[in-house]
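Heads up, the thing below is written out as structure tokens.
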Amino acid sequence: MNQDNLIEVRDLAVEFGFGERVHRVVEGVSFDIKRGETLALVGESGSGKSVTAHSILRLLPYPMARHPAGSINYAGQNLLDLSEKTIRHIRGNRIAMIFQEPMTSLNPLHSIEKQINEVLGIHKGLSGKVATKRTLELLEMVGIPEPHKRLKALPHELSGGQRQRVMIAMALANEPELLIADEPTTALDVTVQLKILDLLKDLQARLGMSLLLISHDLNLVRRIAHRVCVMQRGCIVEQASCAELFRSPQHPYTRELLGAEPSGGPASNEIGAPLLEVEDLKVWFPIKKGLLKRTVDYVKAVDGINFSLPQGQTLGIVGESGSGKSTLGLAILRLIGSKGAIRFEGKQLDCLTQSEVRPLRREMQVVFQDPFGSLSPRMCVNDIVGEGLRIHKMGTAAEQEAAIIAALKEVGLDPETRHRYPHEFSGGQRQRIAIARALVLKPALILLDEPTSALDRTVQRQVVELLRSLQAKYNLTYLFISHDLAVVKALSHQLMVVKHGQVVEQGDAQSIFAAPQHPYTQQLLEAAFLAPATAQ
């Protein structure tokens, strides 16, 4: 084993299944991780990135998974040959991992203090005040503000960025030699992503550890990695230094990934009459305290927002998590209470009861962020897409079936698959199903709430092109909520930048992207589009 290498992976193969139903998901993977180096594994979902990384710590679902070939050498021993007791001493101690979704990785019933103390107790034998003192040091190290006030907090009481910092603190508790970061910034805002990356680079320099980064976001990889391995269908198709790979990609798949950034502008529709008008819209949530639960203050989630959106146009609404974007969208659709005027096709919605709004809902549809969570796992695609038709009693059974087939064809899905269930489709296909469900009612307005955030760049580009073509064909009007400014730029005619429930900048999207005026908008654009020099 080369003395410069911390980890050497040779000809790794991974299979899932039993008996004759065996599927090989990783084949012949070889790479090294040098001491103090950042190596990135990139590729689309299903390419084998996470399976390869999880193999290092033997975290795959055994016995369903097995390694028919290959070796993972660390400190003179093959990790695949170690007993469970021996590998347990390495996990979290010498090699640690940050998982993709901190909300599901952290125990929702235990405080932050208890969860970090548990790591220190298992591996370091620390307890009581000594463990709490070390926990405070770790929280301060990862940039949690006022860490002593966060010790008793539960995961749901922290923001997404703060939860990810807690995960990093747990991983660093034992000062590991290798940190595996599995999509550490996927669901985070661009500004928070930048802070997490800067934090990882700083900690790596201070602690001298190696970093294995798993990501499908090439902009993120470009900011931090020394070397890159590109994976496709379980194999490494290209391996090079970060600078060389971005300057001169050799493999067609690498070039496809690098060219997958959403591009172009929004659909060129004629500007029609205002379809949606909002005046002084407010959504305030009361803060109640005391025995009698009196209102002492308000959380001003949406505070005095105004806009007019013509038919056939897209309004992009951007801002960090907690800025009020999704609350604004839900208020416009009358899914939560609000104050202020909302006019849709000239009708005053804010004065109507829920029963009076219901007939208008076929004209106002929504596509949610997580298609797997918003599609019922107990309903087949035919029932999911056709549910709105049945609720609004649109046509005969035969006409409804024809409409479902037409909607699936519109979004690029084979109608013959309509009797399958959501789990049988990929993430991009599930999002197409969600779009078909909205489209089948032929609405005038569609609210798109982070519809591409969980998708690979190549799939994002396909969904963006689909939305653009549907808008051009049917003169659809979109409210597009996102923190991904590259996608917003490709779709939006107008742009609204929201911070703490208030609009800080608003106007023509192309003009704002070219010359943002407000410092907050400038900060968002800089975090999204500035690509610092690759790691040296």
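The values are calculated or read from the model by the stated rules, or taken from the named source; none is laboratory data. All of these numbers come straight from a predicted model, not from anything done at the bench. Neighbour counts are summed over all protein chains in view; Cβ atoms, including those assigned to glycine, are modelled from backbone coordinates with ideal geometry. Just the protein is used for accessible areas: all its heavy atoms, side chains included, with ligands, DNA and RNA removed. Shrake-Rupley method; radii C 1.70, N 1.55, O 1.52, S 1.80 Å.
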Relative to the compact globular guide of 2.2 N^0.38 Å, what is the alpha carbon radius of gyration of the chain, as a ratio? 1.04
Relative contact order of the range 187-254, please, whole-number percent, based on alpha carbon pairs below 8 angstrom and at least 6 residues apart. 20 percent
What is the sum of charges, Lys and Arg at +1 and Asp and Glu at -1, for the other residues whose Cβ falls under 11 Å from the Cβ of Leu495? -1
Alpha-carbon Debye profile of the range 202-315, log10 I(q)/I(0) at 0.10, 0.23 Å⁻¹: -0.71, -1.30
Within 15 Å, Cβ to Cβ, of Lys124, how many net charges do the neighbouring residues add up to if Lys/Arg are +1 and Asp/Glu are -1? +3
How would you order 203-213, 171-181 from highest to lowest mean count of nearby Cβ atoms within 10 Å? 171-181, 203-213
Students often get this wrong: which residues of the range 158-192 have the backbone nitrogen under 18 Å from the point 7 angstrom along Cα-to-C-beta of Gln77? 176-178
Would you kindly work out the equivalent ellipsoid of the range 285-415 from its C-alpha gyration tensor and give its semi-axes, the square roots of five times the eigenvalues, largest first in whole Å? 34, 18, 17
Taking the alpha-carbon centre of each part, the distance from the range 5-31 to the range 356-400 in Å is 42 Å
Under 19 Å from the Cα of Lys49 - lysines, other chains or at least 8 residues apart: Lys34
Compute the accessible area per residue over the chain, keeping the other protein chains in place, probe 1.4 Å, unit Å². 45 Å²
Restricting to Cα pairs under 8 Å and 6 or more apart, the percent relative contact order of the chain works out to 16 percent
Using helices alone, I'd like the mean residue ellipticity at 222 nm for the chain: each DSSP H run of four-plus residues gives -39500 (n - 2.57), total over residue count, nearest 500. -10500 deg cm²/dmol
Label Asp414 and Lys201 with points 7 Å out from Cα along Cα→Cβ: what is the distance between them in nm? 4.5 nm
Local electrostatic count, Ile287, Cβ distance below 14 Å [Lys/Arg +1, Asp/Glu -1]: +4
Which of Lys195/Lys499; Lys114/Lys499; Lys129/Lys152; Lys288/Lys339; Lys409/Lys489; Lys282/Lys393 exceed 23 Å between C-alpha atoms? The answer is Lys114/Lys499; Lys409/Lys489; Lys282/Lys393
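Take the solvent-accessible surface of the protein heavy atoms, probe 1.4 Å, and return the percent of it on the range 161-270 that carbon and sulfur atoms account for.
About 45 percent, which is the carbon plus sulfur part of the accessible surface.
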I'd like the per residue volume of the convex hull spanned by the Cα atoms of the range 93-146, given in cubic angstrom. 102 Å³
Percent carbon-and-sulfur accessible area, the range 290-368, ignoring ligands, DNA and RNA, probe 1.4 Å: 52 percent
Keeping the other protein chains in place, figure out the carbon and sulfur percent of the accessible area of the range 395-536, with a 1.4 Å probe. 51 percent
Working out 0.36 nm times the residue gap between Val296 and Ile391, then minus their Cα-Cα distance, what length gain in nm do you get to one decimal? 30.0 nm
